[in-house]
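Heads up: the structure comes next, in structure tokens.
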Amino acid sequence: MKGKGPAVCVGPDIDTDLVIAGRYLRTKDHSIWVEHVFEDLDPSLAPLLEGSVIVAGKNFGCGSSREQAAIAIREAGVVAVVAPSFARIFFRNAINVGLPLIECDLACMEGCLVTFDLAEGWIEAEGKKHAIPPLSPRMQAILSAGGLVEYWRNQR
Amino acid sequence: MATLSERILGGNAGEYVDRKVDRAYVHDGTGVLTLEAWKRIGSDRLTDTTRLSMLFDHIVPANNSTTATLQHELREFARGSFMHFSDVGCGICHQIMSEGIVLPGEVVVGADSHSCTSGVFGAFSTGVGATDMAAIWLTGETWFRVPETLGIHLSGMFSGAAEAKDLALTYVSRLGMDGATYRALEFIGDGVAGLSMDDRLVLSNLSVETGAKTGLFYADDVTVQYLARAGQTVKPQVPEPCTYVQELSIDLSEIVPLVAVPHRVDTVKPVREIAGLPLDQVFVGTCTNGRYSDLARFARIVKGKSVAVRTIVVPASRAVLAEAIRTGVLAILVEAGCTIGTPGCGPCLGAHSGVLGEGEVCLSTANRNFKNRMGVGGAIYLGSVATAAASALEGEITEPEVS
């Protein structure tokens, strides 16, 4: 899987309440989550997300298991999220809904182009190329299928 | 020689394993997306539904017609599938799991991050998201990366007014919000035997606030007796020598009453350092501190007095509420001016009753004080039940007295 997009920088320990607040969860309408994504962190972020690569600090996605956080980011058009580490439930959720995550400690420059190739195992920003650890074979298979629902649909 | 997680999952740390789950549960929040994902997989197959639970606890009773309709659909599905169903008013999913459902040695997954709570029974119990849960509904199993384990050695006994919550905030602050990411915690050492199950539940409950997958205790005589009262016969687990990737030692006698200050669970201060901070609300409850012993301890402190600030008490389960009625604890709370909520998560997640207004400050016995969590512009301080009771009486953050 390859991708590229301008960086949108966020800090460390972004919890899933900040990605999508509890007051917006009780619906099946995904557009509500896209509308309010990152609202409590910084309301000016949402319009920047289409086609972007989020570059975050450590422990992105900590806290609540709410999968709406991963769905909101994916449906906002984010190409991938890059962080030195991810909270583990968010990590599984993101892969399960087809949102690529990249474990890398990248110094973030707002708007600078980030390119990556998961199969070849690298990410590049500001002329610097970094090796990235591969996902487990299972997670690669889930992500390649487009998510866990599609993975199981293919198994049937 | 293996850690408890390695023994239960049957693999070495770092290995990926597929495991049948003994218990899988969702609540009214995560159940909606789980059902949606399960339908999208396109199978009408469900695994053995005696191992599945659906428990309504997040917005109970429903606060508006959108929530009510979502809950109606879930309720009908749960009843039609014959899975274990726990309706509005029965209590918090993790509390129900700890009332005789989860047993030592089991593999348990819940679609909620605080599913780590059941690690207290010597089970490998962890949180997953909705789509993972949908696949578990289909197959009855899931994959795990067997975690490395961080050992927390406890010694000594509590002194003064300190209690399990203060110990939990101590280890979270020492490890930090990602100090145990991808790992499991094991609570071990001479200090464990003197902790009740309710104390231990608090410690396991906060393990996810360090990023841990779960927080385990070895089942011992205290566990065996607790589960016997819930009608379950189990045997203690015997620890083996094992390797921890990191170890932390805490002497319980050195713990003092603490609060976690906004907006991080790992940023704690001694209560005495911020005593006098005016409060708008005190909240006692949640999967952290909503058990009978918590309500009883709160009642002992406020008995015959009046709270000076709006105080919301939400029992963790119907069993907790029923016991509080039987013993007179509930009457003491009501006479002291507390508002009693429906058993469930209450105001913890800021989605219904007990939401904070802009600029309001709450002292809560819950486990998260993230920005805006209980309401936009509200500030959350996390503390013990004793700190909550002392603070409720004064209307400001107050150091609890030694009882």
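Computed from the coordinates by the stated procedures, all read-outs in this text should not be read as laboratory data. Just so you know, these numbers come straight off a predicted model, no measurement behind them. Cβ coordinates were reconstructed from backbone atoms using ideal geometry, including for glycine residues, and neighbour counts include every protein chain displayed.
Quick notes on this one:
- Stretchable slack from residue B:196 to residue B:331, in nm (0.36 nm times residue separation minus alpha-carbon distance): 46.1 nm
- Listed residue (B:65, B:129, B:54) projecting farthest to the positive dipole end of the stretch B:17-145, Cβ model: B:129
- Sequence ranges A:50-56, B:368-374, ranked by mean other-Cβ count within 10 angstrom, highest first: B:368-374, A:50-56
- Shielding by partners for peptide B:175-184, expressed as the average number of C-beta atoms from other protein chains within 10 Å of each residue's C-beta, is 4.
- Long pairs among A:28/A:58; B:305/B:371; A:4/A:128, criterion Cα-Cα beyond 23 Å: A:28/A:58; B:305/B:371
- With a cut-off of 13 Å between beta carbons, the residues surrounding residue A:106 carry a summed charge of -2, where Lys and Arg count +1 and Asp and Glu -1.
- Three-way shape label, the stretch B:258-394, alpha-carbon gyration tensor, a/c 1.5: prolate
- Choice from A:11, A:98, A:127 with maximal GNM fluctuation in chain A (Cα, 10 Å cutoff): A:127
- Length released on extending from residue B:76 to residue B:18, taking residue separation times 0.36 nm less the Cα-Cα span: 17.8 nm
- Counting neighbouring beta carbons within 10 Å and listing from fewest to most, the residues B:213, B:305, A:129, A:4 come out as A:129, B:305, A:4, B:213.
- Mean Cβ count within 10 Å, highest first, over the residues of peptides B:225-231, B:37-43: B:37-43, B:225-231
- Positive-end residue, the protein assembly as shown charge dipole about Cα centroid, Cβ charges, pick of A:34, B:365, B:110: B:110
- Rounded FRET efficiency, nearest 0.05, which uses the C-beta distance separating residue A:141 from residue B:235 and R0 of 41 Å: 0.55
- The fraction of all Cα pairs in the stretch B:182-336 landing in successive 5 Å bins from 0 to the largest distance is 2, 7, 12, 17, 19, 16, 13, 8, 4, 2, 0, given as whole percents.
- Sorting the segments B:8-17, B:200-209 by their mean number of nearby beta carbons within 10 angstrom, highest to lowest, gives B:200-209, B:8-17.
- The distance from the alpha carbon centre of the stretch B:333-365 to that of the stretch A:1-50 is 27 Å, rounded to a whole number.
- Residue B:225/residue A:131 FRET efficiency (R0 45 Å; Cβ-Cβ; nearest 0.05): 0.25
- Order of B:124, B:187 - criterion: other Cβ atoms within 10 Å of each residue's Cβ, fewest first: B:187, B:124
- Local charge for residue B:395 was computed over the other residues whose Cβ lies under 10 Å away, with Lys and Arg +1 and Asp and Glu -1, and equals -2.
- Point-charge dipole on Cβ atoms (K/R +1, D/E -1) for the stretch B:17-145, about Cα centre, debye to 20: 220 debye
- Considering only B:236, A:94, B:139, the residue lying farthest towards the positive end of the dipole of the protein assembly as shown is B:139, judged by Cα position with unit charges set on Cβ.
- Cα shape, the protein assembly as shown, gyration tensor, a/c 1.5 rule: rounded
- Cross-link reach list, lysines versus residue B:303, counting only Cα pairs under 28 Å and skipping chain neighbours closer than eight places: B:165, B:269
- Paramagnetic reach from residue B:247 in the stretch B:133-169 [backbone N under 13 Å; point 7 Å along Cα→Cβ]: B:150-155
- Length added when fully stretched, residue B:48-residue B:63, from 0.36 nm per residue minus Cα-Cα: 2.2 nm
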